[in-house]
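Worksheet for the structure shown next.
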Amino acid sequence: MDGQATQQPQGAQQRRRNRIFIVNLTDPVFRGLHRGHRKHPDDFEAVLSRAKAAGVESQIITGGSLSESRAAIKLAKEH
């Protein structure tokens, strides 16, 4: 090396950060329901769109029961 600073390839300074997002997308709140009552319109697709726009590339979908786990698998396959 001759003592001069070497330049990094374009974009190398923007380091990619890997984050793990564990979400309970089977929760009815994503469909606008809270404790059995409609609180807002179903915005499930908008939630996913906002996550994607924020840079979320993957998620771990949880299920608290066998039926929720089946619903989580279905969501993962659909999205």
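What to note about this one:
- When Rg and the Kirkwood radius Rh are both evaluated on Cα atoms of the stretch 35-78, their ratio Rg/Rh stands at 1.02.
- 5 angstrom amide H check on residue 33, placed H, neighbours 5+ away: 39
- In nm, spacing of pseudo-spin labels at residue 44 and residue 77 (7 Å Cα→C-beta vector): 1.4 nm
No value in this document is a laboratory result; all are computed from the given coordinates. Since we're looking at a predicted model, the values are computed, not measured. Neighbour counts are summed over all protein chains in view; Cβ atoms, including those assigned to glycine, are modelled from backbone coordinates with ideal geometry.
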